[in-house]
Every structure is written in C-alpha cells, then in structure tokens.
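Colleague: Right, I'll just put the structure down here and ask away after.
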Amino acid sequence: MTKESKIKSLLSYLKSPSSAALWLILAIGFAGGVIFWGGFNTALEVTNTEAFCISCHEMEDNVYEEYKETIHYSNRSGVRATCPDCHVPKKWTHKIVRKIAASKEVWGMLTGLIDTREKFQDHRRELAEREWKRMKENDSLECRNCHNFEYMDFSEQGNRSVKMHSSALASGEKTCIDCHKGIAHELPDMKGVDNW
Amino acid sequence: MKILPIIMITASLAMALSVQAYQEVTSGGLETIRGIAKINETKSAEALKRVIKDKNPIQRNYVHQPPVVPHQTRGYRVNKDSNKCLTCHGWKYARETGATKISLTHFETRDGKTLSDVSPRRYFCSQCHVTQADAPELVDNLFKPVESLGND
C-alpha cells in the first residue's frame, strides 16, 4: 500500500461505526484526565492555604499563635505573608517534592508525634533545622519571592540593616535565613547554631 | 426586743450610704503623671509613641548608667533558648555587626566572680536597657548629666 492509501483506510475506519468504542475510550480518557488533573491541582491548592495549615491543632496552638505577633501577620501596611508563602515553593515541580515530603508530616500527626506543646518543643530544633537547611539550599527563595534585593532602597532602611545588607548579603556570602532566623516563630534551643 | 437591732442596722446603713453619696473624690490638688484628674475618673489613654527605629548611640548621663537602646527591638526574643541581643552585642559578633560589645561587668556574678560567658544576672538585657521614643519629659527634670562623658 502507498502512504496515501494507508491514511485513507485509517480515516474510513475511524468513520465506521465499529470505531465508536475507540472514540469512547479516547473521550473518557481525555475527560478523566482533565478531571483528575484539575482535581489534583485543586486539592493541591486547598492544601496550600493558611486555613488548611492551621486546621490541625499542632500548628494552630504553636506556630500560628506565635506568628500572630510578628511582622508578617500584623504590620502598618496590612500585607501579610501566610504559611505557604514561606513554606511551599511556587514552582510546580518543587511544590510536588515538598508536598510528598509533607505526607510524612501527616503521618506524624496521625501518630501524635507532636500533639502537646511539650512534645512540639522537644521536636522543634529538628523541624527548624529542616527549614533552615531547605532555605539555605534554595538561597531563601521564598523570602525573595516578596523581598527582592534589587529593589531594596538603602536610604529607607535603618543603619543596621544597611550595614549588613550592603556587605554580607550583597556579596552573596550570606542569605536571608542566615541572619533572620525566627522571623515568624519562637526559636528552639539555639545552642551550637551558627551565629547564635 | 428584736426590733432594736433591725433599726440600728438600717440606720447605720443609711448613714454610711449618705456619706458615700456626698463625699467628693478629689486629688487634693496634687498633679501626678496622669495630670490633674479626679481619682475616680478614667482618662483616655494617650496615643502610643513610636520607638526610634535606628540611631547612633545616645549619650549617657552618668558613669555606670546602662546605655539606652538606640534601635527598635520588636520581636527580639530573650529566653532560655535564645538571646537575640547577643547575636550582635556578644563579643563573637560585635565586630561584624558594628554593635557595642557588652562590657566585662556583664560577665560578673554578684559576688564579683568573672564567668566565661554572660552572667545570669545580666542575661535579660531589657531589664536594664530600654528602647526610646521621641517624647517630651513627663515631669520636669533638673538632673545635670556629668560633664566628663561628653555632655554639655
């Protein structure tokens, strides 16, 4: 058969009633894909809200309460940073990786790993270190999503800010989290942590 | 027989109440920090003052005065787990951050022993060092700062 006639016979097959099943399968597959993908992303979005983050008391009673006193919750301009702003990467692939890691935290919740304030405090260093490490590795990407060094006006900042930002930060020697630990929560025992 | 105590109680109650009702509550002309106000009067609170954001050290008035804090300290926690002040004022970091080093008295215990790190009695910095607001004095102050510390 020539190339042309091959295509012709394929077309006539697709038009014939016996191909209906194939069409149906394709249609279901497509619709299912859309629904699944949409649903998946919607579910992902739901888990990406502050309301979801503090729906378990471990978060609401500990970190959320502390965070309410800090600059990212209450300030003169009324702009807020919510939990996912700092804790979930914006890029899709990074987000999935973080979400998969987070399933372990769900396990922790189910087994009551940190279900009292005391237990939470006992694990705090470990939890904090994980976040410091993550932010150190991505050069404090989440902070930089909102705070862009390029647009920092040193004439508007305090002396102490300018001194540090124009030296160690500008040269890339240090990143936000090196100097701004505990920006949103109380700190664990800082014995042995660099610069503390 | 029983009527006498009842009369006495009602009478004394009535007297007590009338005295209460007619007594003027005055400050006796005394002006306190909250101004001349009747004792039973609640004055509305003044607007909060803004803490100085950042400034060079503020001159001291006498030898051994704890210097006042010339910068804001919002969110600076000092507790058993961490001490934010020492991440700048500790000897290890003072050079890098440009902050004044804590003086050696901060290493001394109350019986004069010198420790290898900050003494517990000097650990809670804001007990002695406080932030400032640009505000008029609440009461007249005739204190004269000592001249040797560069005050005029």
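Colleague: Does A:Asp194 count as free of Cβ contacts under 8 Å to residues at least 24 places away in the same chain, away from every other protein chain (no Cβ under 14 Å) and of a type in the set (D, E, K, R)?
Modeller: no
Colleague: With the structure loaded, tell me whether A:Arg160 is within 13 Å of chain B (Cβ to nearest Cβ), in contact with an Asp or Glu (Cβ under 7 Å, 6 or more places away or on another chain), in contact (Cβ under 8 Å) with a residue 60 or more places away in the chain and in a helix (DSSP H, G or I) or whether it fails that test.
Modeller: No.
Colleague: For the stretch A:178-196, what are the residues that are over 20 Å from B:Gln72 (Cα atoms) and in contact with a Cys (Cβ under 9 Å, 6 or more places away or on another chain)?
Modeller: The one that is over 20 Å from B:Gln72 (Cα atoms) and in contact with a Cys (Cβ under 9 Å, 6 or more places away or on another chain): A:Asn195.
Colleague: Determine which member of the set A:Thr116, A:Thr82, A:Thr70 is surrounded by 11 or more Cβ atoms within 10 Å (Cβ to Cβ), away from every other protein chain (no Cβ under 14 Å), at pLDDT 80 or above and over 20 Å from A:Glu45 (Cα atoms).
Modeller: Exactly one residue qualifies, and that residue is A:Thr116.
Colleague: How many residues are of a type in the set (A, V, I, L, M, F, W, C) and either within 14 Å of another protein chain (Cβ to nearest Cβ) or not in a loop (DSSP other than H, G, I, E, B) (or both) if we restrict to the stretch B:120-142?
Modeller: 2
Colleague: Give the residue that is nearest to A:Ala128 (Cα to Cα), with candidates limited to residues of the stretch A:72-101 that are in a loop (DSSP other than H, G, I, E, B) and touching a Lys or Arg at 6+ places or on another chain (Cβ under 9 Å).
Modeller: A:Val88
The values are calculated or read from the model by the stated rules, or taken from the named source; none is laboratory data. These figures come from a predicted structure and were not determined experimentally. Methodologically, a virtual Cβ is constructed for each residue, glycine included, from the backbone with ideal geometry; neighbour enumeration extends over all protein chains shown.
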